[in-house]
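Report on one structure; see the data block that follows.
Derivation of every value follows stated rules applied to the coordinates shown; laboratory data play no part. All values reported here derive from a predicted model rather than from experimental measurement. All Cβ positions, even for glycine, are placed from backbone atoms using ideal geometry, and neighbour counts span all protein chains on display.
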Amino acid sequence: MQTQNIPTEELQGIVGEEHVRESSAEDAVDGVRPSIVVEPGTIEETGEVMKLASREGLAVSPRGGGTKIGLGNPPRQVDLILSTARMDGIIEHVPGDQIVRVQAGLKLQDLQESLAESDQMLGVDPPEEGATIGGIVAANSSGPRRLRYGTVRDLIIGIKVVLADGTVAKAGGKVVKNVAGYDLSKLFTGSLGTLGVIAEANFRLHPIRETARTVFLEVDDHEKIADVTQELTHSSFSQFVLDALEIRWEGDRGVIAALFEGIEPAVEAQSSVATEVLRSHGETSVLGEEDGEEFWESFARRPWDAGDVGLKIGAPPSDLTAVLASVLGAAERAGVEARLSGHAGTGVTFAGLSGGEDGLVEVVEEVREIRIRRSGSVVVQEAPLTVKERLDAWGAGGDYLGLTRRVKEKFDPGYTMNPGRFLGGI
Amino acid sequence: MYRGQLIEAMQEILGPEGVIHRREELRTYECDGLMNYRVIPDLVVLPESAEQVQQIVQTCYDEGIPFVARGSGTGLSGGALPVESGVLIVLTRLRRILEVDIPNGRVVVEPGVINIWVSQEVADEGYYYAPDPASQIVSSIGGNLAENSGGVHCLKYGFTTNHVMGAEVVLPDGSVVHIGGGKAPDAPGYELLGAFVGSEGTLGIATKITLRILRKPEAVRTLLAAFKDTEEAGGAVSGIIGGGIVPAAIEMMDSLTIEAVEKQVSPGFPEAGALLIVELDGPEAEVDNQFEHVIKVCEENDASEIRVAEDDEERALFWKGRKAAFGAMGSISNDYYVQDGVVPRTELGAVLKKIADLSEEYGLRVANVFHAGDGNLHPLVLFDNDAPGEAEKAEELAGEIVFVCLEHGGSLTGEHGIGRDKMKYMPQMFTTDDMDVMQLLRCAFDPHRICNPGKIFPTPRLCGERPGPFHMHPVQKAGLAENF
């Protein structure tokens, strides 16, 4: 790839000398090393940097905490990493309105700590440590509590973005109910930095719940898992409300866990009904708030380590048994070790695979083929570069791929933003 | 294509009964729920299937004829106002519930299905469809989707956009796409469904819609509380929500609204400066506990009377009074103008005061009925159409009210949409750049601007244009990509 001419001095003139640096090996995106890392301090500076990058034909990769920098396909080109690290403030938090406006570089953990002082929280709980708000929006990260609060798309109420040509634009606002103009906040959710830089985001907040109870059941047959989760979601006497319903399967045993949060009498009543349901299937344990926190910290982790292949499988919740069987079956045939976890209540399953490269590719292709036939999806969330070279991270995409490309080409006609990482080579 | 040829082409697709072209019949469709804008369309077509919708749109695209989709026509912003020399595609005959999938909590419907039918369909299984606009007994799911309809319970359960999980869409070029995962979560690619819902019919026509249904709550408790004025009632609202409770609904009515509602449907509301209806739902233990807290907060804010609904019948009576509010204005005024604006909840008091001042300044009465929990105001400006100049004055006052909402950090519309009605106000809320960037999305979906043109944006953009300086990317220079 042709080396781009980097206008270092001009960039320094925009953001200040100390906020432009040569890249190091850690700045590489799936093996593609950028030339330079730029940290603008304001949205205006971000606009100027983007204008300059577009003029020079530089490919730009926005970066927050870098926790999802490996998501997607290897980029075709990265010249400039645009780090949001310095834009990490809370712009406005109005507890009485239960809304917050933040800059993209703010870490979720810092936001939650600040909101907790007003007994409030943002209802997203992705497991990645150090993730920023901008990154969470761009990657559409989620965690167990999505069962109750939904995902980023359900909580974001406004956005400010910088397009590739430097245009700064906003959509939405700071009120929860608002139908004025197109909902670009949702469009940018999950866009992985390919439509523009997410500079600010506004969210609706929720009260922190008074107490919590976790109920979990161990099982030794993966076919039993879906029966139990379906019963918990639908049984006629289970009138309770679940905050999370999660599963894990490793080796030859699995765990189903349900989380209840709220005020004490309600949590007590709901969790005891759930306990009753679970007891009919096996030995059931109940954890209070503190023990529960510790439990969820490890339970909510993705079932893979560095060097493994990590899959996110989307399927109707009632297909859970088939999803588990297809992964475990394919893995066994290919001599690959498989571990599973997932948001059983919403139909998201994660699979961690380790083994030989050919076997890994085989498993992904087989599971993907089945899921796509059933209108679901299999996204490779993490994989060694050599595996990524043999698989598309997103799969083929549906009949909406052409439209997806047209959207991209309107917002970023020069393919300046993160070229190649997204669906369909976008 | 001449009109006669177009009629023939449409009759070929739909048969003679599916095409309305006589002027006197076309007049039925000249407006939607907002009656001060009227346009007689060239042609009205009534497809009965998704395939027919596709063929109609394809014909329009091939011939460069603009079209507008319409459901039940209850919209309040002129979103379904026809375009002159255009085709109005009425979707009321696409009214089948295609699939009920209880294990996955999904229902698949055609766009003409009426909102309330969905809840009725799954009620026996213990489920319901949460978004409940006041028009729910007549408005269609397709229209709800286009407008991202709210309702009284959206404070807790969200809006239409949070309950539409997938859609089959006929794009303005006649191609068909499936967006959103439907039954499976997190489809790869852009969140096109989130952008499509609430786009006021300007990005395409949904022909199949996958909805999320919820389990009915175990317990529902509702109370009515009377206060001296809206300020005290507002204090109670803040106290309830500040206490960490997310009620299923909190609605406020001022004295003028109460008077009108009493005259019209006689729900037996207490005389008061302001009334609150507060509803909690959820698990029994939680509702009981929080309901006590709600009562306490109302008492602390000097409620003169608190009436708890003893049964479903009494609850229904409370809601009948609330839902009749718009219509009831007819009993105290010849004409009225419905406004829809949003303010941050904490600004409610200040905004209501300014509305009262404006009402005095203009010499027109303004009744306030609103979703207090989410700051969504529906001021009703009362006027007399026969009094010369009063209608214009009323519209001006209604405009002033939304400017007040914007000054206080709110929005032009919470649930009725921009449509034709509020286009002119868009520049007060958004910069030219904001609107140009929004229209990039429009250009991706509808480059020829034939799909519900003349709505939302006061200055339509040609899709070849691009805001800001444009520089050719090296990839383009090298001939590896085209300019779009």
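Quick notes on this structure:
- Relative packing of A:91-97, A:286-292, which averages over residues the other C-beta atoms within 10 Å, highest first: A:91-97, A:286-292
- Estimated inter-spin distance, B:Glu360 and B:Asp311, nm [label 7 Å along Cα→Cβ]: 4.7
- Based on C-alpha pairs under 8 angstrom that are at least 6 apart in sequence, chain B has a relative contact order of 14 percent.
- Cβ neighbours within 10 Å from other chains - mean over A:409-418: 6
- Sorted fewest first by neighbouring Cβ atoms within 10 angstrom, B:Glu251, A:Glu26, A:Glu231 come out as A:Glu26, A:Glu231, B:Glu251.
- Working from Cα pairs under 8 Å separated by at least six residues, relative contact order for region B:3-90 is 34 percent.
- Taken as Cα centroids, region B:99-175 and region B:421-462 sit 26 Å apart, rounded to the nearest whole angstrom.
- Length gained when the stretch B:Gln58-B:Ile295 is fully extended (0.36 nm per residue, less Cα-Cα span): 79.5 nm
- Checking Cβ-Cβ separations below 4.7 Å across the protein assembly as shown identifies B:Cys31, B:Cys60, B:Cys154, B:Cys298, B:Cys405, B:Cys451 as cysteines lacking any candidate disulfide partner.
- For chain A, the square roots of the Cα gyration tensor eigenvalues, ordered a ≥ b ≥ c, give a/c of at least 1.5 with a/b no greater than b/c, which places it in the oblate category.
- 5 Å binning of all Cα-Cα separations within region A:76-125, expressed as whole percents from 0 upward: 5, 18, 27, 19, 11, 7, 6, 4, 3, 0
- Spin-label proximity, A:Asp119 to region B:293-307 - amide N less than 14 Å from point 7 Å beyond Cα toward beta carbon: B:293-294, B:297
- Under 5 Å, built H, 5+ apart or other chain: amide partners of A:Ile91: A:Arg101, A:Val102, A:Gln103
- Stretchable slack from A:Asp252 to A:Arg33, in nm (0.36 nm times residue separation minus alpha-carbon distance): 74.7 nm
- Gained length - A:Glu26 relative to A:Ile372, 0.36 nm times residue gap less alpha-carbon distance: 121.1 nm
- Radius 13 Å from Cβ of A:Gln77, net charge of other residues (Lys, Arg +1; Asp, Glu -1): 0
- Normalised by the number of residues in chain A, the average gap of Cα pairs under 8 Å and 6 or more apart makes the relative contact order 16 percent.
- Out-of-range pairs (alpha-carbon distance over 29 Å; input A:Lys170/A:Lys312; A:Lys186/B:Lys422; A:Lys174/B:Lys323): A:Lys170/A:Lys312
- If R0 is 60 Å, the Cβ-Cβ spacing of A:Ser285 and B:Tyr2 corresponds to a FRET efficiency of close to 0.20.
- Checking the cross-link pairs B:Lys353/B:Lys393; A:Lys51/B:Lys455; A:Lys160/B:Lys353; A:Lys68/A:Lys224; A:Lys177/B:Lys455 against a 22 Å limit on the alpha carbon distance flags A:Lys51/B:Lys455; A:Lys160/B:Lys353; A:Lys68/A:Lys224 as lying beyond it.
- Shielding value for A:196-203 is 0, the average number of Cβ atoms from other chains within 10 Å of each residue's Cβ.
- Sparse-neighbourhood loop sites, chymotrypsin sites (Phe, Trp or Tyr not before Pro) in region B:342-414 - DSSP loop, at most 11 other Cβ within 10 angstrom: none
- Distance from region B:5-40 to region A:351-426 (C-alpha centre basis), Å: 45
- Inter-chain Cβ neighbour count for A:395-407, averaged per residue, equals 6 (cutoff 10 Å, partner chain atoms only).
- FRET efficiency estimate (nearest 0.05) - Cβ-Cβ, B:Ser304 to B:Asn36, R0 30 angstrom: 0.20
- Taking region A:292-315 and a reference point 7 angstrom along Cα→Cβ of A:Glu337, the backbone N atoms nearer than 20 Å belong to A:298-312.
- Computed E for B:Leu98/A:Gln12 - FRET, C-beta separation, R0 60 angstrom, nearest 0.05: 0.50
- Ordering of B:262-269, B:128-135, B:282-289 by burial proxy (mean other Cβ atoms within 10 Å per residue, highest first): B:128-135, B:282-289, B:262-269
- Shape category assigned to region B:219-332 from the gyration tensor of Cα positions, a/c cut at 1.5: oblate
- The listed peptides A:63-72, B:26-35, A:206-215, ordered by packing as a protection proxy, come out as A:63-72, A:206-215, B:26-35 (highest mean of other Cβ atoms within 10 Å first).
- In plain terms, the residue of B:Glu415, B:Glu191 with the fewest other Cβ atoms within 10 Å comes first and the most crowded comes last, giving B:Glu191, B:Glu415.
- Residues in region B:128-148 that a label on B:Lys216 would reach, taking backbone N under 16 Å of a point 7 Å out along Cα→Cβ: B:128-131
- Reciprocal mean inverse distance between Cα atoms of the protein assembly as shown - Kirkwood radius, Å: 28.6
- Euclidean distance of C-alpha centroids, region A:234-312 and region B:194-237, integer Å: 30
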